[in-house]
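Readers should treat all values here as calculations from the given coordinates under stated rules, not as data from a laboratory. Every value quoted in this text rests on a predicted model; they were computed, and no experiment measured them. Every residue, glycine among them, receives a Cβ derived from its backbone with ideal geometry; neighbour counts consider all protein chains shown.
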Amino acid sequence: MANTTVSHRVILHFPSRVVNQPVISNFIKNYDLSFNIMKASIIPDQEGYVMLELSGDQDKYNAGISYLHDAGVRIEPFSQNVQRSDERCVQCGACVGFCPTEAFHLDGVARAVVFNNNLCVACGLCLTACPARAMQLRF
Amino acid sequence: MPKTIAEINERIKRGQAVVATADEIIDLAREKGIARTAAEVDVVTTGTFGPMCSSGAYINTGHSQSRIKMGGGQAFLNDVPAYTGFAAVDLFIGANALPDADPRNRVHPGEFNYGGGHVIEELVAGKDVRLVAHAYGTDCYPRRELDTLVSINDLNEAVLFNIRNAYQNYNVAVNASSKTIYTYMGILKPNLGNATYCSAGQLSPLLNDPFYNTVGIGTRIFLGGGTGYVTWQGTQFNPDVPRTANGVPRRGAGTIAVIGDLKQMSSRYLRGISMLGYGVTMAVGIGLPIPILSEEILAYTLVTDADILAPVVDYAGAYPNRSSEVLAEVSYAELKSGQIKVRGATIPAASLSSYQRAVEIAQTLKKWIERSEFFLTERVAPLPGVESGMSLKPLTERR
C-alpha cells in the first residue's frame, strides 16, 4: 500500500502545565514528521504556542496529532487565525502587494480582493498594513 | 444631436434615459461607432472610492440648557478635536484629526487606529458619539463644560463638506531608498520593492471629462451613498499639466470641492482609514454623471486604462523634497495588471482605491438615473480650464 503524504499548517497551544514537558522532543523522536517552525513563544510556567508546518506520512501524522492531543496540546489549523472582516474590507487591494506569502490576490474580472487563508502564515503584517483595519488575528 | 440637459432630464423623467458606465461605454462605442452612441446614450456614469484627506463635516449640535459657547473653546467628538472657530454650537470635524492622546509616530510607525474619518463614519452609521466641550463662559452662554452622547439624528445639520476630492490622475508611489517607508500612499518597501497607486483609471470622474466640459459648480453627484453637489474647484486645482494627445492629464490635475447632507449618506461609502506611520483619513465614494451633449463629450468618456499615464514618484526622495522628478510613466492598464516596469525592474503594484467599489458606485448612479430617482443639473459656472492660466503654486518661505 502506497503511503499518502500530507502537509498541514497548524498552531499548537501549550497550556502552562504542558510547557515544562518534553512534548516536542517526543513528538520528533516518535513520529518521523518533518516540520518547519514559523513562529513560537514558549516561556516556562506560561501558556505557549508554536506555529508550524507539518508534513509526512498520513498515518504517522494522525498518530502524532493524537499524541499531542493526549499530551494536552490544543491544535488549531492556521487558516482560522487570521480572519478578514468582510464588513470592514473596502476591497482596495493595499494588502495584495504587501503579503509576503501572496495570500491575497485581485480577482481578474470583478477586481475583488480574494484572501486565501491556506497560504497565510499568520505573520500579522497585514493587520496594520490594511488601511481599513479589516484583518484580525485570533488565537 | 446635440442634446441639452433639459432634454436628458425629460427622458429620465419618462424612464427612457439610456445610461452606461464609463467602463461599459467603451465597448458600446466600439460596437456602434461614436456618432450613433452619442445619439443614443444620454449619460455616462463614473465612480471612485479611495482615501481623500481633505474631507470633513460640519455639524450644528443644537443648544444645551443652559447654553454653551463652544466657539473659541474646545470640542471633542469621541476624543477627536473638532474645529470651534465658528458660532456657539457649529463644529467642523476634519477627516485627518487625531485624538490628543494618540501617540502619533512617537513609536514609529504609529498605528493611527482612530480619528476624524472614523468619527464621520460612526456618525453616518447612526452610532452614538461622545461630545465633550470646554468653554470660557459668558453672560449669554454661561455653561463651561459639556459631556453628552449625540447621534446624527440629534443634530440640526450634519453636512459633508470636502474641499478637495476626486483627483484627476495621481502619482504612483515607490521607494528608491534602502529602508521601508510609511507614507500616505501606504507602506513602501526599499529598493523599489513595491508600488502603490490611487485612481480608478478609466472609471474615474475627472478622467472622463478631462477639460471640464460638463462638470462645474452646481453639478449634482453621487456622494458617500447619497446625493451631493460640486461647490467649487477643489484645492490645488491645476489644469496646467502635461497632457496626452487626447487631453488626459499625465499628472495630478483637476479636483473638486463637494458638499452633501450627511444624514442621507452611508458608511459603506464613507470609511475611516488608517495609514500606518502616516495618520488617519477617510475613504470617500464619488460618482459623477456626464451628460452626453455632443460627440466630443462622448469621445472623452471612451478613455481606457491603456490611454491614461501616471507618473512614478520616489516617496523617499523626490516627494518629500518637492522635487518634480518622475522615475517613469506607466499606464493604468499596466498598474492594474499588478506589475509595472521601472528602470528595468519589475515591481508589484497595488491599489489604495477600490476599483470594485468604484464600479459599484457607477452602477448605482446608473440605476438611480434609469429609475428616475436622480436628475442632472445645469452647472452654474464652469471650473477653471487650461486657458485660465491657473497653476499650482509652491510655498515660498520668507521673513
Legend entry - Shielding score for B:351-362, defined as the mean number of other chain Cβ atoms within 10 Å: 5
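Quick one: net charge around B:Cys140, please, counting Lys, Arg +1 and Asp, Glu -1 for every other residue with C-beta under 13 Å from its C-beta.
For residues surrounding B:Cys140, the net value is +2.
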Inset, instruction - Could you work out, residue by residue across B:188-195, how many beta carbons of other chains sit within 10 Å of that residue's beta carbon, and then give the average as an integer? - result: 1
Legend entry - Net charge of neighbours whose Cβ lies under 11 Å from the Cβ of B:Gly73, counting Lys and Arg as +1 and Asp and Glu as -1: +2
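Mind listing which trypsin sites (Lys or Arg not before Pro) in segment B:330-385 are in a DSSP loop and have 14 or fewer other Cβ atoms within 10 Å?
Hits after loop and neighbour filter: B:Arg343, B:Arg371.
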Inset, instruction - State, to one decimal in nm, how far the label point of B:Phe161 lies from the label point of B:Ala245, with both points 7 Å from Cα in the Cβ direction. - result: 4.6
Legend entry - Pairwise label distance in nanometres, A:Arg17 with A:Glu87, each label 7 Å out on the Cα-Cβ vector: 3.8
Inset, instruction - Please give the length that would be gained between A:Lys29 and A:Gln136 if that part of the chain were fully extended, namely 0.36 nm times their separation in residues minus their C-alpha to C-alpha distance (nm, one decimal). - result: 35.0 nm
Legend entry - Cα principal axis extents for the protein assembly as shown, largest first, Å: 82, 72, 57
Legend entry - At R0 = 41 Å, FRET efficiency that the Cβ-Cβ distance of B:Val132 and B:Asn321 yields, to 0.05: 0.55
Inset, instruction - Run the quick spin-label model on A:Ala40 and B:Gln65: label points 7 Å from Cα toward the beta carbon, then report their separation in nm to one decimal. - result: 6.8
Legend entry - Segments A:123-132, B:386-395, B:282-291 sorted - mean Cβ within 10 Å per residue, highest first: B:282-291, A:123-132, B:386-395
Legend entry - For segment B:226-242, Karplus couplings with θ = phi - 60° (6.51, -1.76, 1.60), whole Hz, Gly/Pro x: x, 10, x, 9, 7, 9, 5, 5, x, 5, 6, 4, 8, x, 8, 10, x
